[in-house]
Amino acid sequence: MKKILSMLCALACTTGAAHAFDISPFQVGDSLATGEAQAMLQRYATRPSQAWREPDPASIPTGPEGDSIREGIDLMRHTSQRVGNRAPDQNKRFNWNSLNCVNCHQAGPSGLPGTKKYALALVNAVNDYPRFDIKSGKIISLEQRALGMFGAAPVKLTVDMPEFKAIMAYLRWLSAEARPDRAMEGVGLMPMKAIKRAADPIRGKALFISQCASCHGADAQGKRQPDFETGAGYLFPPLAGSDTYDNAGHMFAIPLLARYIRASMPFGTLSDKPQLTPAQALDIAAYINDDAMPRGQNPNRTRLYTDAALRPQGFAIPEHFTGQPEAYHRAKFGPFSNVNEHY
Ligand code: HEC
Ligand code: HEC
């Protein structure tokens, strides 16, 4: 049955207009068996790619649609003040922390959130979903992914709320000119060469102190704005502690964090001119994500990446390595044969 459906779609999809990524014969919410998941990931990875498209803020329309897009931009820039866990309006505390979306989805030359190449750019996000998510083992929609970013917050955000609709309107605008059936260069994370040795948190600490601590603090807890307790958020975001990604977050995987910082840090770094070698980026990521660093603990992490055959390198939790400290260390710090896997 599934085979027939996918054959039908193969016919329809070549004759009709270009569609977003084709998840047929599955639907959002479906769990996939290992083989099905591998085939789907392969299909996703081998989509043809299109060139980066620099978004032009001047092309945001006037009228209600434009207002919604601008509202989405404002929410992603001033997340903490507007909808953070310390936001002045208690009914709007939709986010679990006091970060701004733009702290991670950085701004490029356009000044807009999620438009910096390889700093988790969102310029093709609408066309990259729905897709198979190895972390949950399910096909997820962009809405689900975006909602997930708000975590377990004081007030629950839902898809029918104006704030969420505004963020979606902005994401749609970002991708509006792109070809829906293609991946895009510059989105997600920059590929990087693996190194032969394990990532080393001790070397990483020395590099962190000299290259990162001036902004993020020697303890990596960031620097708060004066009005932090009333929602102002951070001048420099924390990379550790209870107000940033926890020990089940995507950025907790050393290869992922290394690729992110190599393409965009120290602040102002452009991906075509990285300041750090792959070894330095991996060492710094090892220091930041070391278990000795204080970080929020996620009680659900054993329910993530449950299919061991699909688990990316660097996602390592002690629960999977009871009584095997060396195997745990190797899974967490490497050496990694591939640092460019999907997470
Ligand atoms: C601590 C860093 C961090 C913050 C803060 C953050 N994100 Fe993300 N976000 C990520 C990472 C990492 C991914 C990609 C995970 C992956 O590789 O699939 C992601 C993925 C996404 C995606 C899917 C796009 C894609 O390429 O898969 C959307 C949409 C998104 N985030 C929206 C938001 C919004 C809206 C906010 C603010 C409420 C936010 N994010 C805050 C780190 C962050
Ligand atoms: C000159 C100040 C500065 C320096 C130096 C700097 N950063 Fe950042 N970093 C920032 C700012 C500002 C942001 C938030 C970006 C934004 O909001 O546009 C950020 C964001 C980040 C983030 C994503 C946000 C989060 O909370 O996870 C990471 C990771 C990061 N920096 C790591 C590093 C590392 C590692 C170094 C050293 C190699 C470094 N930074 C050096 C200013 C700096």
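Residues that are crowded, with 17+ Cβ neighbours inside 10 Å and of a type outside the set (Val, Ile, Thr) were ranked within region 53-69; the one that is farthest from residue 122 (Cα to Cα) is 68. When the residues of region 213-223 are filtered to those that are out of contact with any Leu (no Cβ under 7 Å at 6 or more places or on another chain) and either under 17 Å from residue 281 (Cβ atoms) or assigned to a strand (DSSP E or B) (or both), the one that is farthest from ligand 2 (Cβ to nearest atom) is 213.
Among the residues of region 72-97, those identified as outside any helix (DSSP H, G or I) and either touching a residue at least 12 places away in the same chain (Cβ under 8 Å) or at positive phi (or both) are 78, 84, 85, 86, 87, 88, 93, 94, 95, 96, 97.
Between 330, 295, 301, 311, the distinction of being surrounded by 12 or more Cβ atoms within 10 Å (Cβ to Cβ), in contact with a strand residue (DSSP E or B) (Cβ under 9 Å, 6 or more places away or on another chain) and touching a residue at least 40 places away in the same chain (Cβ under 8 Å) belongs to 295 only.
So, residue 292, is that one at pLDDT 95 or above and more than 16 Å from ligand 2 (Cβ to nearest atom) or not? Walk me through how you get there before you give the answer.
Numbers: at pLDDT 95 or above: yes; more than 16 Å from ligand 2 (Cβ to nearest atom): yes.
Criteria met by residue 292.
For region 235-244, the condition of being more than 14 Å from residue 104 (Cβ to Cβ) and touching a Phe, Trp or Tyr at 6+ places or on another chain (Cβ under 7 Å) holds for none of the residues. Of the residues that make up region 269-289, is at least one surrounded by fewer than 22 Cβ atoms within 10 Å (Cβ to Cβ), within 21 Å of residue 102 (Cβ to Cβ), away from ligand 1 (no atom under 14 Å from the Cβ) and of a type in the set (A, V, I, L, M, F, W, C)? There is at least one residue in region 269-289 that is surrounded by fewer than 22 Cβ atoms within 10 Å (Cβ to Cβ), within 21 Å of residue 102 (Cβ to Cβ), away from ligand 1 (no atom under 14 Å from the Cβ) and of a type in the set (A, V, I, L, M, F, W, C).
Evaluation of residue 244 against the conditions (1) over 19 Å from the mean Cα position of the chain (by Cα); (2) within 10 Å of ligand 2 (Cβ to nearest atom) shows that the sole unmet condition is (1). The set of residues in region 107-157 that are within 24 Å of residue 274 (Cα to Cα), small (Gly, Ala, Ser) and assigned to a loop (DSSP other than H, G, I, E, B) comprises 107, 108, 110, 111, 114. Out of 129, 118, one residue alone is within 16 Å of the chain's Cα centre (by Cα) and either without any contact (Cβ under 8 Å) to a residue 24 or more places away in the chain or more than 14 Å from ligand 2 (Cβ to nearest atom) (or both). It is 129. Please verify whether residue 229 is away from ligand 2 (no atom under 16 Å from the Cβ), surrounded by fewer than 16 Cβ atoms within 10 Å (Cβ to Cβ), in a helix (DSSP H, G or I) and over 16 Å from the mean Cα position of the chain (by Cα), treating the condition exactly as stated. Spelling it out, residue 229 is indeed away from ligand 2 (no atom under 16 Å from the Cβ), surrounded by fewer than 16 Cβ atoms within 10 Å (Cβ to Cβ), in a helix (DSSP H, G or I) and over 16 Å from the mean Cα position of the chain (by Cα).
Of the residues 156, 138, which single one is surrounded by fewer than 19 Cβ atoms within 10 Å (Cβ to Cβ) and either touching a strand residue (DSSP E or B) at 6+ places or on another chain (Cβ under 8 Å) or assigned by TED's automatic domain parsing to the domain that holds residue 244 (or both)? Steps first, answer last, please.
Numbers: 156 fails: either touching a strand residue (DSSP E or B) at 6+ places or on another chain (Cβ under 8 Å) or assigned by TED's automatic domain parsing to the domain that holds residue 244 (or both).
Of 156, 138, the one residue that is surrounded by fewer than 19 Cβ atoms within 10 Å (Cβ to Cβ) and either touching a strand residue (DSSP E or B) at 6+ places or on another chain (Cβ under 8 Å) or assigned by TED's automatic domain parsing to the domain that holds residue 244 (or both) is 138.
Residues of region 179-212 that are within 23 Å of the chain's Cα centre (by Cα), of a type in the set (Gly, Ala, Ser) and either over 24 Å from residue 108 (Cβ atoms) or in a helix (DSSP H, G or I) (or both): 194, 199, 204. Of the set (1) among the small types (Gly, Ala, Ser); (2) free of Cβ contacts under 8 Å to residues at least 60 places away in the same chain; (3) not assigned by TED's automatic domain parsing to the domain that holds residue 288, all apply to residue 213 but (3).
The values are calculated or read from the model by the stated rules, or taken from the named source; none is laboratory data. Just so it is clear, the structure is predicted and the values come from calculations on it, not from any experiment. Virtual Cβ from ideal backbone geometry, glycine too; neighbours counted across all protein chains shown.
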